[in-house]
1. Would you kindly state how much longer the chain becomes between THR57 and GLU165 on full extension, computed as 0.36 nm times their sequence separation minus their alpha carbon distance, in nm to one decimal?
2. Suppose we flag GluC sites (Glu not before Pro) only when DSSP calls them loop and at most 10 other Cβ atoms lie within 10 Å. Which is the longest uninterrupted stretch of the chain?
3. So which of LYS27/LYS117; LYS96/LYS156; LYS27/LYS96 end up more than 18 Å apart, counting from Cα to Cα?
4. TYR187 to SER64: FRET efficiency via 1/(1 + (r/R0)^6), r the Cβ-Cβ distance, R0 41 Å, to the nearest 0.05?
5. Taking only DSSP H segments of four or more residues, each worth -39500 (n - 2.57), what value at 222 nm results for the chain once the sum is divided by all its residues, to the nearest 500 deg cm²/dmol?
6. Just the number, please: carbon plus sulfur as a percent of the accessible area of the chain, 1.4 Å probe, no ligands or DNA/RNA counted.
7. Rounded, prolate or oblate: pick one for region 82-162, where a ≥ b ≥ c are the square roots of the eigenvalues of its C-alpha gyration tensor, a/c under 1.5 means rounded, and failing that, prolate if a/b is larger than b/c, else oblate.
8. Report the antiparallel proportion of the DSSP beta bridges in region 86-184 as a percent, rounded to a multiple of 5.
Amino acid sequence: MGKVFVCDHPLIQHKLTYIRDELTTTKDFRELVDEVSTLMAYEITRDIPLETIQVKTPVAITDSKVISGRMLGLIPILRAGLGMVDGILRLVPAAKVGHIGLYRDPETLEPVEYYVKLPTDVLERELIVIDPMLATGGSANAAITALKSRGCTQMKLMCLIAAPEGIHAVQQMHPDVDIYVAAIDNYLNDHGYIIPGLGDAGDRLFGTK
Ligand code: PRP
Ligand code: URA
């Protein structure tokens with residue numbers, strides 16, 4: 001069963017409150033999502049392996065640590081996942097970015113895939129699938145399945161807000177994938193919206209609707 005990590009740092013929780021607030025403007029919403037993504041990236045990269053190398057300071061030679069192991073790949077689910085990419089790249093600027101285009105059919109709530117473009121060396125990277133909202137879990141499950149069907153094996157899922165239903169769905173379908181969230185909310189309403197949530201993440205990020 002995949003583990004669930006709630007990134008409950010006070011700065012993340014503070015900013016999330018204003019992300020939720022319906023009075024927050026598009027500009028502020030975008031900036032806050034960007035900032036929270038940077039702070040969450042700090043948590044999600046906590047287990048990156050290190051190796052020891054020698055470094056020559058101006059006065060001595062010493063052993064010191066550098067990152068080793070797989071390089072990272074960020075996989076935002078279009079379109080709302082785009083709002084989290086720059087915030088994560090600020091901490092891991094060498095990460096490559098692949099895109100998976102999915103939208104939820106408003107009637108069936110089933111994800112519909114319309115675009116996949118991945119880095120050429122994606123199989124050698126540890127991947128972080130990014131989407132602000134984990135509601136039914138259909139989109140995240142479809143994105144992870146799309147990656148696995150192309151041979152990808154190592155990935156984590158990073159979301160701002162998750163519904164218990166979405167977490168359960170991902171844990172059932174992809175028990176090897178750990179999930180990082182800033183908050184776990186109460187439930188989904190009849191339209192598949194997370195309650196209390198933040199509304200439609202894509203619309204709020206891009207000022208549509
Ligand atoms: C939203 C959100 C997730 C999905 C979550 O995207 O960004 O991708 O819904 O819902 P689920 O867990 O029930 O699949 P949406 O389909 O609205 O597309 P958008 O990002 O283009 O706005
Ligand atoms: N997608 C969103 O953008 N918001 C929700 O609450 C659920 C799915």
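The values are calculated or read from the model by the stated rules, or taken from the named source; none is laboratory data. Bear in mind that the values here come from a model prediction, so they are computed numbers and not experimental data. A quick note on method: Cβ atoms are made from the backbone with ideal geometry, for glycine too, and the neighbour counts reach across all protein chains shown. Accessible surface is based on the protein model in full, side chains and every heavy atom, while ligands, DNA and RNA are left aside. Shrake-Rupley method; radii C 1.70, N 1.55, O 1.52, S 1.80 Å.
1. Difference between extended and current length: 33.6 nm.
2. In the chain, the maximal stretch lacking such sites is 108-209.
3. Table pairs above 18 Å Cα-Cα are LYS27/LYS117; LYS27/LYS96.
4. 0.25
5. When only DSSP H runs of four or more count, the value is -9500 deg cm²/dmol.
6. 55 percent
7. The shape class here is oblate.
8. Percent antiparallel among DSSP bridges in region 86-184 is about 35.
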